[in-house]
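Below: the structure, in structure tokens.
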Amino acid sequence: MTLTIPGFGIPGFEHIRLPGADGVELAAAVGGSGSPIVLLHGFPQTHLMWRHVAERLADVHTVICPDLRGYGASDKPAVTGPDVYAKRTMAADVVTLAAALGHERFALVGHDRGALVAFRAGLDHPETITHLGILDIVPTLDMWNVLRGASAAVGYHLFLMAQPPGLPEAMIANSADAFFGSFLDAWANDPTAIPGDVRAEYLRASAAAVTSIVADYRASAGIDVTHDQADLDAGSQLAMPVTVVQQDWGAQLGYDAAAVWKAWAPDLDHRLTRAGHFMAEETPDEIAEAIQDLLAR
């Protein structure tokens, strides 16, 4: 089904709905031709965050940019159990979506929340993910371990949305623009990278998805930790080439970010950027180049 997103399509891309896992449908922008690559967005954004990078990659790749379940124009299933917004389930969405387009193997790059989904997909579907790109996170289990003391205030929203259902949703819904807008303001080194119309779309989409966004974060304080710990205990690692691009969070929070990633990814290219959190929008040439370098390995 073709999906109309007036004024917010990626130029030259088709906007369609595709099946995910468990009957969920995902909205996705699809364009270009060549070997497939899936790009997963972060918080508080939609697939639009990839607009610049996607155009740069589409000359030589089939580029697929879905909205994650619970975000943007994708379905927002009710929380009927802990698995609904588990990263394992969201990773299955991505594999199912790509298969619906005829891609049994593909490269995968994620930013922020999408990077957590990509990480899980790499562990759960090593036969499917050929290359893995990660922008500005550490894995969920490591994230909780490095957020300590006063420095953990940078991640206050993680603790807020980890609380039992009810209060977080009400607090955020009652000040949605202020809440979501605060991250767009605080996390961008170059505020002009997110123009007013795109910012307004991020705020509109996030305000319409408070319950599912909180459920996504709450899963990362519960079932996602369980899944990561099981893989750590089993000695599981990412089998494919991995590139991580991130701000120097290790220096800010007092840990060795490259070492954290090396424990999970033996074939690792770890890069630091001077861009802010929204690096795909702030420095799209840098991110596109990092992705092309990854795909060449």
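The values are calculated or read from the model by the stated rules, or taken from the named source; none is laboratory data. Nothing here was measured: the structure is a model prediction, and the numbers come from that model. So basically every Cβ, Gly included, is an ideal-geometry build from the backbone, and we count neighbours across all protein chains shown. Accessible surface areas use protein heavy atoms only, side chains included; no ligands, DNA or RNA. Shrake-Rupley method; radii C 1.70, N 1.55, O 1.52, S 1.80 Å.
Couple of notes before you dig in:
- Every residue from region 78-91 that is open to solvent by 30 Å² or more (accessible area, probe 1.4 Å) and either in a helix (DSSP H, G or I) or more than 22 Å from His111 (Cα to Cα) (or both): Ala78, Val79, Thr80, Pro82, Arg88
- Here region 204-217 is the region considered, the condition is being part of a helix (DSSP H, G or I) and free of Cβ contacts under 8 Å to residues at least 40 places away in the same chain, and the residue that is surrounded by the most Cβ atoms within 10 Å (Cβ to Cβ) is Ala207.
- Residue within region 130-149 that is open to solvent by 70 Å² or more (accessible area, probe 1.4 Å) and either more than 30 Å from Val242 (Cβ to Cβ) or in contact with a Lys or Arg (Cβ under 8 Å, 6 or more places away or on another chain) (or both) present: no
- Taking every residue in region 218-232 that is over 11 Å from Lys87 (Cβ atoms) and hydrophobic (A, V, I, L, M, F, W, C) and pairing it with any residue that is open to solvent by less than 40 Å² (accessible area, probe 1.4 Å) and not in a helix (DSSP H, G or I), at least 6 positions away or on another chain, the pairs with Cβ-Cβ distances below 8 Å are Ala221/Ala162.
- Filtered by the rule that a residue be of a type in the set (Asp, Glu) and open to solvent by 10 Å² or more (accessible area, probe 1.4 Å), region 61-77 gives a lone residue, Asp75.
- Residues in region 190-203 that are touching a residue at least 12 places away in the same chain (Cβ under 8 Å) and open to solvent by 50 Å² or more (accessible area, probe 1.4 Å): Asp190, Asp197, Arg199.
- Subset of region 187-202 (residues that are of a type outside the set (Val, Ile, Thr), over 17 Å from the mean Cα position of the chain (by Cα), more than 17 Å from Arg274 (Cβ to Cβ) and in a helix (DSSP H, G or I)): Gly196, Asp197, Arg199, Ala200, Glu201
- Residue-level check: of (1) among the hydrophobic types (A, V, I, L, M, F, W, C); (2) out of contact with any strand residue (DSSP E or B) (no Cβ under 6 Å at 6 or more places or on another chain); (3) open to solvent by 20 Å² or more (accessible area, probe 1.4 Å), Ala100 misses just (2).
- Residue match in region 264-280 (condition: farther than 15 Å from His111 by Cα, crowded, with 19+ Cβ neighbours inside 10 Å and of a type in the set (Gly, Ala, Ser)): yes
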